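Asks: Dropping the structure in here first, questions after.
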Amino acid sequence: MSSPKTKNAKPLNIITPAQIEWQDDDSGNKVPVSGEFGDVYFSHADGLAESRHVFLQHNQVPERWTKLEAKQCFTIAELGFGTGLNFLATWQLWRELRTQQPHLATARLHFITTEKYPIPLSDLTQILALWAQRAPELAELIEQLLASYPALITGCHRLQFIEDNLTLDIWLGDASDSLASLDSESTINRPYVDVWFLDGFAPSCNETLWADSIFTQMQRLSRTGTTAATYSCAGIVKRGLQAHGFAIKKVKGFGRKREMLTAIINEDSQLNENTPTLSNHHNHTIVIGAGVAGLLTTWTLANRDIKVTIVDKAAPLAGASGNPRALLAPNMTPIHHVYEHLHSIGYLYSGRLYRYFNQQAAIQKSPLILEQTGTLDLLIKTNIGTEQIADYPNAMATTISAEEARRVSGLKSKDLDDNLYLPQSGLVNPQALKTIILMHPNITYQQLNVTSIQETAEQITVYGDKKNSNSSQKPMTIIADNVVICAAYESHQLDKRIVECRTIRGQLSWFTPTAEQITKLPKLPLKYSGYCAPFIGQDGDAEINNIVEGQPQFLLGASFVDADANIDIRSEENQQNHDKLLEDIPELNNVLPGDTDAWQARAGIRTQTMDYHPLVGLLAQSKRLWTLSAMGAKGYALAPICAEALADMMLGCFTPLSAVMLARLSPNRARLHKQAKAKPLK
Ligand code: SAM
C-alpha cells in the first residue's frame, strides 16, 4: 500500500471526483486504483466473492432477511461506495431471496452509502463492464445503476429501484458529515442502521473513515443487534468499535486472508434499547388535496404498500397544479450551497422519478410525464453567473456557445453569450402524471369536501360531504391510521396548527400558433423574467384544460399577484405575459400574436410560507396528522423529494433530507409561528 497523496485544497462542499488509475495486479490483470489513496477498489481475482463473504455473510444478512416482517425496512449503511460492487452484490442477493421468500414481497431494503470521491460515470461504466462480463447475474443491475447514477454534487442522491423495493441513498461528501446529517429524531419510530459495511481503504492509506467522529456516528445510529463487518483488523478499527459499544470478534478472512473483523452491539452495551416496532399505524392513510403535493404523497405511500384514499373537494388537479404543462427547471444556487438547496435537490430527484414514470407510460402507450426538452435560461432574472455555472457537472447545468444556443432556441439576434443550459430539464405533463399515479392498485380517489378531522390514540377520522350524481351533498366519514393535509393555502382551514400562508395568484397563458409562427417561436423552453415553452397537446389534456390532442401550443408564464386568491381569468395578465417576453426578447415582436384576448389562460393560487420553505412533517402534539404543503410555484420539483421525506418520517426510515433541512421544513418551526403572530396576513 502506498502512502496517501496530498489532496487538492478545494472549497468545502465541492465534490472532487475520483481519479482512476488502472494498474496491473500480481497476476497481470488491470485493476482500478484510487488516485487519491493509491489503493485498489477490489481484487480482480475474487472481489465479488470477497464482498459477499465479508459484508453479507459475516453480517448474517440472508438469515436476518428471512426474519423480516411485512413492510419492515432493513437498513444497511456503507462507508465508501467506490465502484458500487458491495451494493450490487447486496441487491442481487436481495432480488434472489425475494423471489424465494414471499414474505419479503412488501419488505424494503434501504442501502445508505457515503462517498467523498465519487467515480465519474465514464470510469464507472468501464469498471463495471468488467463485472458485467465476469458475473452475468449483475449485468442487468449494473445497467440500472449506471442509468440512474447521479450528477456528482454534494448531498444525498436518492435512487429508487422500485420493482425491487430497494432504495439507494448515495450521500456525496465526507462520510463523517454525511452520517452526522442523518436524522433520527423527526420520525415517529426512530430509525436505526441494522448493518454496517466498513469498506474504507486500509487505515494505513486513509484514516478518515476510521476516525473517532465516524465511530461516534455509528454508535448514534445503531441499536442492540446492529452488526458491522470489515476486512481490516487494524488496532485503530478494533479500538474504535470497542470504544463505541461494539463487541468485536476476529474471524477467518476471505480466501488466503488470515482474518477479518465482525462486530455487534450486544444487549449489555446499554445503547438505544428502544427497538422500534412496526406498529399497525401504517395500513391506511388519507391524503387531503389532489394537487401535485397530494398526488406525490399518495404515490409515495402507496409505493410503500400502504393503502391510500386521496380526497379532493373538487377533482384531481383542479387547483394550481392543473396547468397544461409545468416547467421543471431549477433556480440555481452557487455550488457550495447546493447540498442545502431544496430546489436543486428536488429537481434532481423529481427528474429521476418522472423518468421512471415515463418508462411506465411507454409500456402503457400513454403520454410522457416528463418531456425532456432541455431548457435555456437567458440569465435575466437569476443570482448566478456563467462562472458559477461552470462549477456544476455539465450533465446537470452548463453554458453552451452562443451559436449552439441559437441553434437549440431558434433565436437569431438576442445576445446569447451568457446562458444556462439545463439538458435534463423539461416539461411535466400534470394530467399524464395524475393518470399514472391514480392507476396504482393501492390508491383510491374519492371526491370529498372535508369539514373536520378528529384524532384519537387509536385512529383518525375525516368527516366531509360528498357530491351525489344529482349534485346533492351526502355526509361521509373515512377512518384511517394517518392523515396528510396537502391542501395548499386551505390547509390552515383544516387545522389551525398549520400556519396561514401567503396566497400568490399566478396566471399562465397559451395560444395555438400557426405553422409559420411555429418556425419562428422559441423551439425549447426559455427562462427570462418569465418563461415560455412550445408543446403539443396530448391525449388527456382536454380533461383539465381546453387543449386538443395533437395541436401545437405555446405557453407563457406567469403573472405574480401577491395576496390575491381570486382565480378569474384577467386579460391584463395575458398582456403582462406577452409584454414580459417581448421586453426580454424583442426579436419576437413580429412573431408573437398581439391579440392576447384570444389567448387561453388558467389562474391558480400558489401558497408560500414567510420563509419560502414548504411545510413537511407531523403537526405539533399529534401522532397521526401530517402536512405537506406550501410548495409555492415549485410543486413539481419539490413534492417528490418532500413526499419521500414525509413517508420516511411516518414509517421510521432515514430520510434523504438532512436533519438541518427537516428542521427548516417542520410545520412547527418557531420562526414561522413567530412571524405569523407578528405580521398578520391581509
Ligand atoms: N465499497 C466499494 C465498492 O464496493 O467498490 C469500495 C470502497 S473503497 C475500498 C473505499 C472508498 O471510500 C473509496 O471510494 C473512497 O473514495 C471512499 N472514501 C475515502 N475517504 C472517505 C471519506 N472521508 N468519506 C467518504 N468516502 C471516503
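Asks: Take the residues in the stretch 307-320 that are crowded, with 24+ Cβ neighbours inside 10 Å and assigned to a loop (DSSP other than H, G, I, E, B), then tell me which one is modelled with the lowest pLDDT.
Replies: Top of the filtered list is Gly319.
Asks: Among the residues of the stretch 196-211, is any crowded, with 16+ Cβ neighbours inside 10 Å, out of contact with any Gly (no Cβ under 9 Å at 6 or more places or on another chain) and under 26 Å from Thr99 (Cα atoms)?
Replies: Looking through the stretch 196-211, at least one residue is crowded, with 16+ Cβ neighbours inside 10 Å, out of contact with any Gly (no Cβ under 9 Å at 6 or more places or on another chain) and under 26 Å from Thr99 (Cα atoms).
Asks: Another question, then. Given the structure, is Gln359 of a type outside the set (Lys, Arg), in a strand (DSSP E or B) and open to solvent by 60 Å² or more (accessible area, probe 1.4 Å)?
Replies: no
Asks: While we're here: Are any residues in the stretch 539-573 within 22 Å of Glu516 (Cα to Cα) and not small (Gly, Ala, Ser), and if so, which ones?
Replies: Within the stretch 539-573, Ile547, Val548, Glu549, Gln551, Pro552, Gln553, Phe554, Leu555, Leu556 meet the criteria.
Asks: OK, next. Output yes when any residue across the stretch 617-639 is free of Cβ contacts under 8 Å to residues at least 60 places away in the same chain, of a type outside the set (D, E, K, R) and within 28 Å of His157 (Cα to Cα), and no when none is.
Replies: Within the stretch 617-639 (the criterion being free of Cβ contacts under 8 Å to residues at least 60 places away in the same chain, of a type outside the set (D, E, K, R) and within 28 Å of His157 (Cα to Cα)), the answer is no, since none of the residues qualifies.
Asks: I'd like the full set of residues that are more than 16 Å from the ligand (Cβ to nearest atom) and either buried (at least 23 other Cβ atoms within 10 Å of the Cβ) or assigned to a loop (DSSP other than H, G, I, E, B) (or both), limited to the stretch 90-108. Show your work before the answer.
Replies: Within the stretch 90-108, the first condition is being more than 16 Å from the ligand (Cβ to nearest atom), and the residues that meet it are 95-108.
Listed by number, the residues that qualify are Gln101, Ala105, Thr106, Ala107.
Asks: May I pose another question? Name the pairs: first residue in the stretch 132-156 and more than 26 Å from Phe654 (Cα to Cα), second residue open to solvent by less than 20 Å² (accessible area, probe 1.4 Å), Cβ to Cβ under 7 Å, at least 6 apart or on different chains?
Replies: Here the result reads Ala132/Leu138; Ala132/Ile142; Ala135/Leu48; Leu138/Leu88; Leu138/Trp131, each pair linking the stretch 132-156 to a residue that is open to solvent by less than 20 Å² (accessible area, probe 1.4 Å).
Asks: Scan the stretch 368-389 residue by residue and report those that are out of contact with any Phe, Trp or Tyr (no Cβ under 6 Å at 6 or more places or on another chain) and part of a strand (DSSP E or B). Can you show your working first?
Replies: Step one: list which residues in the stretch 368-389 are out of contact with any Phe, Trp or Tyr (no Cβ under 6 Å at 6 or more places or on another chain), which gives 368, 371-375, 377, 379, 381-389.
Passing the criteria: Glu371, Thr375, Asp377.
Asks: Against the definition (outside any loop (DSSP other than H, G, I, E, B) and within 13 Å of the ligand (Cβ to nearest atom)), how does Phe37 come out, yes or no?
Replies: Numbers: outside any loop (DSSP other than H, G, I, E, B): no; within 13 Å of the ligand (Cβ to nearest atom): yes.
For Phe37, the condition - outside any loop (DSSP other than H, G, I, E, B) and within 13 Å of the ligand (Cβ to nearest atom) - is not met.
Asks: Answer with yes or no whether Asn449 is over 21 Å from the mean Cα position of the chain (by Cα) and open to solvent by less than 10 Å² (accessible area, probe 1.4 Å). Lay out the reasoning, then the answer.
Replies: On the way: over 21 Å from the mean Cα position of the chain (by Cα): yes; open to solvent by less than 10 Å² (accessible area, probe 1.4 Å): no.
Spelling it out, it is not the case that Asn449 is over 21 Å from the mean Cα position of the chain (by Cα) and open to solvent by less than 10 Å² (accessible area, probe 1.4 Å).
Asks: Cβ-Cβ below 9 Å, separation at least six or inter-chain, first residue in the stretch 76-88 and under 22 Å from Ile264 (Cβ atoms) and open to solvent by less than 10 Å² (accessible area, probe 1.4 Å), second near the ligand (Cβ under 6 Å from one of its atoms) and of a type in the set (Lys, Arg): which pairs?
Replies: none
Asks: Pick from Phe42, Phe81, Phe87: which is in contact with a helix residue (DSSP H, G or I) (Cβ under 6 Å, 6 or more places away or on another chain) and either more than 30 Å from Asp177 (Cβ to Cβ) or within 13 Å of the ligand (Cβ to nearest atom) (or both)?
Replies: Working: Phe81 fails: in contact with a helix residue (DSSP H, G or I) (Cβ under 6 Å, 6 or more places away or on another chain); Phe87 fails: in contact with a helix residue (DSSP H, G or I) (Cβ under 6 Å, 6 or more places away or on another chain).
When all the criteria are applied, what remains is Phe42.
Asks: Further question on the same structure: Taking the stretch 494-530 as the search range and keeping residues that are in contact with a helix residue (DSSP H, G or I) (Cβ under 6 Å, 6 or more places away or on another chain) and either within 20 Å of Gly291 (Cα to Cα) or among the polar types (S, T, N, Q) (or both), which one is most open to solvent (accessible area, probe 1.4 Å)?
Replies: Glu500
Asks: Next up: Pick out the one residue from Ser559, Ser491 that is in a loop (DSSP other than H, G, I, E, B) and open to solvent by less than 10 Å² (accessible area, probe 1.4 Å). Spell out the reasoning first.
Replies: Working: Ser491 fails: in a loop (DSSP other than H, G, I, E, B).
Checking each option against the conditions leaves just Ser559.
Asks: Just one of (1) outside any loop (DSSP other than H, G, I, E, B); (2) open to solvent by less than 30 Å² (accessible area, probe 1.4 Å); (3) without any contact (Cβ under 8 Å) to a residue 40 or more places away in the chain trips up Ala228, so point out which.
Replies: Unmet for Ala228, out of (1) outside any loop (DSSP other than H, G, I, E, B); (2) open to solvent by less than 30 Å² (accessible area, probe 1.4 Å); (3) without any contact (Cβ under 8 Å) to a residue 40 or more places away in the chain: (3).
Asks: Do we have Asp579 as among the charged types (D, E, K, R), open to solvent by 10 Å² or more (accessible area, probe 1.4 Å) and either closer than 30 Å to Asp481 by Cβ or not in a helix (DSSP H, G or I) (or both) here?
Replies: Working: among the charged types (D, E, K, R): yes; open to solvent by 10 Å² or more (accessible area, probe 1.4 Å): yes; either closer than 30 Å to Asp481 by Cβ or not in a helix (DSSP H, G or I) (or both): no.
For Asp579, the condition - among the charged types (D, E, K, R), open to solvent by 10 Å² or more (accessible area, probe 1.4 Å) and either closer than 30 Å to Asp481 by Cβ or not in a helix (DSSP H, G or I) (or both) - is not met.
The values are calculated or read from the model by the stated rules, or taken from the named source; none is laboratory data. Just so it is clear, the structure is predicted and the values come from calculations on it, not from any experiment. Glycine also receives a Cβ, built like all others from the backbone with ideal geometry; neighbour counts cover every protein chain displayed. Only protein heavy atoms, including side chains, enter the accessible area calculation; ligands, DNA and RNA are left aside. Shrake-Rupley method; radii C 1.70, N 1.55, O 1.52, S 1.80 Å.
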